[in-house]
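Here's the structure we're looking at; comments come further down.
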Amino acid sequence: MNPAVHLDGITKRFPGVVANDDVDLEIARGSVHALLGENGAGKTTLMNVLYGLYQPTEGTVVVDGEPRSFASPRDAIDAGIGMIHQHFMLVDPMTVWENVVLGNEPRTWGGLRVDEAAAREAVVELSERYGFDVDPDARIADASVGVQQRVEILKALYRGADVLIMDEPTAVLTPQEVEELYDVFEELTDQGKTIIFISHKLGEALSAADEITVLRDGVNVGTVASADVTREDLARMMVGREVLMEPATTPREPGDRVLEVTDLHVEDDRGVEAVSGVSFELREGEVLGIAGVDGNGQLQLAEAVTGMREPSSGSIVYLGESMAGASRREHIDRGMAFVPEDRHERGLVMSYDLIQNGILGSQHDPPFASGGRIDWEASADHAESVIEAYDVRPPNPDASAESFSGGNQQKFIVGREFERDPTLVVATHPTRGVDIGSTEFLHDRLLELRAEGKAVLLISSKLDEVQGLSDRLAVIHEGEFSGVVDPATVTEEEIGLLMAGETLDGEGVSGAAIHDAVGDGLGEGSSDDTDGTRGTGSDRETTADEGVDA
Amino acid sequence: MRNPLADVTVPVLDDLIDDDYVRSLVVGVGGILGLLGVLGLLFPGSVAGDLAGIVFSTSTAASTSRLAAPIVLAGLGGIFAEKSGVINIGLEGLLIISAFMSVYIASVVGIGNAVLGIPAIWIGFLSGIAASTVLAGVFGVVCIEFKADQIIAGLAVWLIALGLAPFMSTVFFGGVNTPNLGASVGWRYSAVMVAVATLASWWALNHTAFGKHLEASGENPKALDTVGVSVSRVRYAGVLLSGVLSGVGGSALALSIGQFVGSGETMVQGKGFIAIVAYLFGNYNPLGTLGAGVLFAGLDATQIRLQQLGYAVPDTLVQTIPYVVVIVVLALVGRTRLPAAAGDHYETEE
């Protein structure tokens, strides 16, 4: 039997870059195939070639034994290939069925009227055949992310897709939704569909795929059966060397209280309450991790703490003083470093070079400023030292920020903020878009800050990151802490439940130390029990198995 | 703010309009008119009686229809453009250019003559539509092809028409006002055109593939592009339709009296801007736009009649009502929501 898709010697060059270099890839019909690699390894480019968004510089796309040339996605769709992008292409105010049939509406009245009954029926029929539980009349705006993803899959199936390409399908899902997605994969492949998904997470490639192809620097490093490899093998293939899988944490020695947040309420830009009564405290030499699906108030919480957003009520006490009404500059002057979520909007001025970007936030302070003028020499030295220490490539401080790749921009921002000699670091998604090697470095650096006695508020959607680095782990759901747990003992499933807004009652949970967000678990005596569990070897191993993705 | 009218149920209306806000608008206006009618019947000699007499008179119906046609038709056009993602604030200019061209071409053909069996006045009417559509097409090219700022381009459309129409009138007729054609299009034609255009627009937006594409184009153009529908084509269609419908409105306005008045802000007198108010008030629903347009025009017509009866109603105050209403509606009720991608340019990748 012919493979569903055969990519034969695909090379894709962009001016100055080879994104894919002579990639051969065969994908068996009815299989789930993971395309694994670091950011910039060429995974998405390769799939865009298959989907007709890009034309290959060299090589041939063979679908079901027939060589094809796709001028546009239209051609690819006609050949039975569907792609589900990382950002969903759905129209929010329209219903599920309207979105599914968009562009291919069944018509009546001589093509004049959309045949609504037929369209709904087609959607219901597809939805039932693949066991999706989707209401055809629900508005997309009201549907959960998991449902939206299924609508995207339905869109592809409705257009007759036999091969489904999914770009980072789990990035926006809770662990439970990920499990449901794997069930969907199974249902689809049982009925002869082929799935290719792009990922940079080892764990999900291992658990969901039959075969895994690893790309590195645009080259196919190898295709392996997922049953035959370990996480370490894959990591080695991705990075090209041994990777330390677990950041080495030491028992913490919490010092003085740095930050105390009490009953904080924060509204988002639309005036909807995003943070609804969060309380916590943070001490010197402590990392408090905040896990949660993006959009559950983490961003607004970070903005409130760093003085970028006025809370609607509640108090933030930093180093013993209330920060109410304090300006952003006062926050910086008092030693608060901030790695913002959106590096383009808030982390960098894209048209500035790295020298200028390197002093953002410190532009009033010596050694960069004296007598109202900026000392560009000192600024350049500073930028160079950050570039060197954080391995920003290419190491050119005179280049504008926009000329760097996302991962390198991120490294530069983190470097700038970490080197500020802060008392408190608020880091949101500090390693987003950064490759494994640099992620490792940033993690080590963060733990060094902790060892130096800095307080760190770490917000990340990467579970392994928050779990591996934090002393305490708070899970946020719809603006509230659904639980504060010991990262050393909690399981990924338990975090998943918390992320979905469920609560864990002490009875039913194995080994996890559950603290109430405002209860005594966070008070003076809290260090004892968390310290106690952190060191124990057996518990550490379970998290290593379940928690680490990259 | 909870809207008490949203809970009122009216059998046929509830099936027709699934938007609470628009339904309550229609129910509210209907209720006020009904109350006025009852009061008028009960107290014939009072102010309410006079008012009811005016509101329900044929002459008020005629002038309401005449005043409402450009507002509602341009408003419907504005819906098509804005739903597609192109905010057309040049509706005023489209009304002006079509008002002038309809009269000019009708006079060139000559009342009493016909082309291809079509009487001159209707040739004028069609020419007005054509002129407005061409100007809208230029606006579309500037905004969609050359990615100009839609607001600035829209203002340019207005200013060009505002200058060009009286200028051409001066060139061809020796004054900013054209002479009267001595023929006109009766108000019943306008009323029928408004009714047909409203229902057709409503149906097209809700039940055709084009309507769905239009919505997708204004909300998430990328979603439309990835399913293989050209966003540019949908947007051109939306903008051209705004030209066609505004052209009908402008021609109907000028030909209802058989003359183009080009002094001051011209005879269009801000109706294109009130049209924008009307469709925002109507929350992009053609039926709501009709309701808003008739309400505004009705107030204006009533005010004119009241003046004639000797009541001292300040006309400038009545004319500000639409603008006050839209601010109240936008600020307090907050139900009107612009399409998410309105005003944004869209470019296909690669």
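Just so it is clear, none of the values below were taken in a lab; they were calculated from the coordinates. Just so we're clear, the structure is a prediction, and the values are computed from it rather than from any experiment. So basically every Cβ, Gly included, is an ideal-geometry build from the backbone, and we count neighbours across all protein chains shown.
Some observations on this one:
- The mean number of partner chain beta-carbon atoms within 10 angstrom of a residue's beta-carbon across peptide B:200-211 is 3.
- The Cα atoms of the stretch B:207-279 cover 49, 20, 19 Å along the three principal axes, with the biggest extent listed first.
- Per-selection Rg to Rh, the stretch B:106-166 - Cα, Kirkwood hydrodynamic radius: 1.16
- Average other protein chain Cβ within 10 Å of Cβ, residues A:82-91: 4
- Per residue convex hull volume, Cα atoms of the stretch B:46-117, in Å³: 169
- Karplus-derived 3J(HN,Hα) values for the stretch B:203-211, using 6.51 cos²θ - 1.76 cosθ + 1.60 with θ = phi - 60°, are 5, 4, 5, 9, 10, 10, 4, 4, x Hz; glycine and proline are entered as x.
- Across every pair of non-identical alpha carbons in the stretch A:108-202, the mean reciprocal distance, once inverted, gives a Kirkwood radius of 14.4 Å.
- Here the Kirkwood formula puts the hydrodynamic radius of chain B at 20.8 Å, using every distinct Cα pair.
- Using equal-weight Cα scatterers in the Debye expression, the normalised intensity of the stretch A:66-224 in log10 at q = 0.12, 0.13, 0.17 Å⁻¹ is -0.56, -0.65, -1.07.
- Label-to-label distance, nm, for residues given as B:ILE32 and A:GLU502 (7 Å Cα→Cβ offset): 5.4
- Using θ = phi - 60° in the Karplus curve 6.51 cos²θ - 1.76 cosθ + 1.60, the 3J(HN,Hα) couplings for the stretch A:383-388 round to 4, 5, 5, 5, 4, 6 Hz; x is entered for Gly and Pro.
- Taking label points 7 Å from Cα along the Cα-to-Cβ direction, B:ILE257 and B:VAL115 give a separation of 2.6 nm.
- Rounded to 5, percent antiparallel among DSSP beta bridges of the protein assembly as shown: 60
- Residue exposure sequence - A:LEU457, B:LEU39 - by fewest surrounding Cβ within 10 Å: B:LEU39, A:LEU457
- Percentage, to the nearest whole number, of Cα pairs in the stretch A:20-70 over 13 Å apart: 62
- Rg/Rh for the stretch A:270-345 (Cα atoms only, Rh after Kirkwood) is 0.93.
- In terms of surrounding Cβ atoms within a 10 Å radius of their Cβ, B:ILE304, A:ILE153, B:ILE152 rank from fewest to most as B:ILE152, B:ILE304, A:ILE153.
- Added length on full extension, which subtracts the Cα-Cα distance from 0.36 nm per residue, A:ALA227 to A:SER207: 6.3 nm
- Cα-based shape type of the stretch A:156-311, given that a ≥ b ≥ c are square roots of the gyration tensor eigenvalues and the cut on a/c is 1.5: oblate
- Annotated for the protein assembly as shown: lysine pairs at least 8 residues apart or interchain, Cα distance under 16 Å, count 9.
- In this simple spin-label approximation, A:ARG139 and B:TYR311 carry label points 7 Å from Cα along the Cα→Cβ vector, and these lie 3.9 nm apart.
- Average partner coverage of A:98-107, which counts Cβ from other chains inside 10 Å: 5
- In this calculation the C-beta distance from A:THR262 to A:GLN363 is compared with R0 = 25 Å, giving a FRET efficiency of 0.15.
- Ascending count of other beta-carbon atoms within 10 Å, so fewest first, for B:HIS207, A:HIS200: B:HIS207, A:HIS200
- Burial order of peptide ranges A:434-445, A:306-317 (average beta-carbon count within 10 Å, highest first): A:434-445, A:306-317
- Unit Cα scatterers, Debye sum, the stretch B:192-350: log10 I(q)/I(0) for q = 0.09, 0.10, 0.15, 0.21 Å⁻¹: -0.38, -0.47, -0.96, -1.46
- Intensity falloff of the protein assembly as shown expressed as log10 I(q)/I(0), Debye formula with alpha-carbon point scatterers, at q = 0.05, 0.07, 0.08, 0.09 Å⁻¹: -0.39, -0.72, -0.90, -1.06
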